[in-house]
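One structure is given here, and the rest of the page talks about it.
Nothing in this text is a laboratory measurement; each read-out follows from the coordinates by a stated rule. Keep in mind it's a predicted model, so treat the numbers as computed, not measured. Counting neighbours? That spans all protein chains shown, and the Cβs are built from the backbone with ideal geometry, glycine included.
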Amino acid sequence: MAPDSTKGAPRHVAIIMDGNGRWAQRQGKPRLFGHHAGAKRVREIVEACPDLGVKYLTIFAFSTENWKRTQTEVAGLMSLFRRYITKEARALRDEGVRVRFIGDRVRLDAKLIALMDELEEMTSMNDRVHLTIALNYGGRDEVARATKRLAQDVADGKLDPATVDEETLPKYLDTCVLPDPDLVIRTSGEARISNFLLWQSAYAEYEFIDTLWPDFSRDVFAGIVNGFGGRDRRFGAVAT
Ligand code: FPP
C-alpha cells in the first residue's frame, strides 16, 4: 500500500487572512482591490485541503472590530461577501464543501443573512471539506454570547452550575460542532491572534508568515501544512 502522505496533517487549520489592504496599496490601488484579490484565493485554498489531509478550514473574514474601518470599506466588504456567496455557492456544493458561518449575525444585513442561511442549507449534506467562515466574529464576543446562553440555561433550571466544567462552555460556542484547530496561520507578518478562536486555540500551533493574503498560494499553504507533521505536540505533557 502506498504510504499516506497526509499522515500527521493538521485536521483543522484556521487562517487569519491579513494583508489585503497593504497588497493593494503597494500597487497604488484602493484597499477593496486587495479584498477582491483575497477572496479569489479562498477557492484555491479550500480546493487544496482534501489532498493535504485538512478536513476543517476556518477563515477569518470580518471581525467584530472591523466595523471601525471606513464606511466605504465596510460596505465594500459586505457587498463582496454577498457576491462571493452568490457566485461560489454552486461550486462549493458540487465540490463537497460544507459551509458554516460563525460570528454574531445581529449587525449583518438581512440579504446577507439570507444568503448565509441558504449556503449552509444547500451544503449541509457535504462532508469532503468543512469550511467555516467567521463573519462579524470576535473570540471574546463569542465567549460572552455563550456565557449568556449558559446562564440562561441555569436560570431556566436546565443546567446545574455544579456540573459546569471545561467541557460545558464549548457546547455553547459558535464552533460547538467543530474540533479545535490544530494549526492557526496568520499572513502578512503580524504576530498576534486578534481575538480569533481564543478558547478553541488553547493548544493550537501557530504559524506567522510574511506573505500577504492575496499572494498566499496553494504551494505556500502546502509547505506549511506538510511542515506541521514534524511538530512535537505534547498538550502540556512531557516528551516520551
Ligand atoms: C485583512 O486584511 C482582511 C480582512 C479584514 C478581510 C478578509 C477578507 C477577505 C480575504 C476577502 C473575502 C473573504 C471571503 C470569505 C469572501 P487587511 O485589510 O487588514 O490588510 P492590511 O493589514 O494590509 O490593511
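How long is the gain from residue 73 to residue 198 if the chain were fully straight, where each residue apart is worth 0.36 nm and the alpha carbon distance is subtracted? The partial results should precede the final answer.
Numbers: separation 125, 0.36 × 125 = 45.00 nm, distance 2.59 nm.
My answer for the length gained is 42.4 nm.
Using modelled amide H (1.01 Å from N, peptide plane; none on Pro or chain starts), what sits under 5 Å from the amide H of residue 183, excluding residues fewer than 5 places away?
12, 14, 205
Using helices alone, I'd like the mean residue ellipticity at 222 nm for the chain: each DSSP H run of four-plus residues gives -39500 (n - 2.57), total over residue count, nearest 500. Mind showing how you got there, number by number?
Working: 6 runs with 93 residues, N = 240.
Helices in the chain give a 222 nm mean residue ellipticity of -13000 deg cm²/dmol.
Give me 33, 101, 62 sorted ascending by neighbouring Cβ count inside 10 Å, so fewest comes first. Walk me through the intermediate numbers first.
Numbers: 33 18, 101 24, 62 21.
Ordered from fewest to most neighbouring Cβ atoms within 10 Å, 33, 101, 62 come out as 33, 62, 101.
Going toward the positive end of the dipole of region 1-65, with +1 on Lys and Arg Cβ and -1 on Asp and Glu Cβ, which of 24, 48, 14 do you reach last?
24
Dipole of region 129-170, Cα-centred, from +1 at each Lys and Arg C-beta and -1 at each Asp and Glu C-beta, to the nearest 20 debye? If you can, show how the numbers build up before the last one.
Details: 5 positive and 8 negative charges, 52 e Å.
The calculation lands at about 240 debye.
Positive end of the dipole of the chain, charges at C-beta (+1 Lys, Arg; -1 Asp, Glu), about the Cα centre: which of 139, 62, 126 has its Cα farthest in that direction?
Among 139, 62, 126, the one farthest towards the positive end of the dipole of the chain is 62.
So what is the relative contact order of the chain, in percent, for Cα pairs below 8 Å that sit 6 or more residues apart? Please list the in-between numbers first.
Working: 364 pairs, mean separation 69.9, N = 240.
Relative contact order comes out at 29 percent.
On average over all directions, what projected area in square nanometres does region 1-148 have, based on the convex hull of its Cα atoms? Write down the numbers at each step before the final one.
Numbers: hull surface 43.6 nm².
Result: 10.9 nm².
I want to check the label-to-label distance for residue 124 and residue 218. Put each point 7 Å from Cα in the C-beta direction and report it in nm to one decimal.
It is 3.2 nm.
Which one of 185, 33, 169 is farthest out on the positive end of the charge dipole of the chain, using unit charges on Cβ (Lys, Arg +1; Asp, Glu -1) and the Cα centre as origin?
Checked the options; the winner is 33.
Under the rule of at least 5 residues apart or a separate chain, name every residue whose amide H is placed under 5 Å from the amide H of residue 101.
133
Under the Karplus relation 6.51 cos²θ - 1.76 cosθ + 1.60, θ = phi - 60°, what is the ordered set of whole-Hz ³J(HN,Hα) values for region 31-46, x standing for Gly and Pro?
Karplus-based 3J(HN,Hα) across region 31-46 equals 4, 4, 4, x, 5, 5, 5, x, 4, 5, 5, 4, 4, 4, 6, 4 Hz.
So if I place +1 on the C-beta of Lys and Arg and -1 on the C-beta of Asp and Glu, and nothing else carries charge, what would the dipole magnitude of region 69-174 be about its Cα centre? I want it in debye, nearest 20. Mind showing how you got there, number by number?
Details: 18 positive and 20 negative charges, 108 e Å.
Here the size comes out at about 520 debye.
Distance between the C-alpha centers of region 169-240 and region 30-84? Whole Å please.
17 Å
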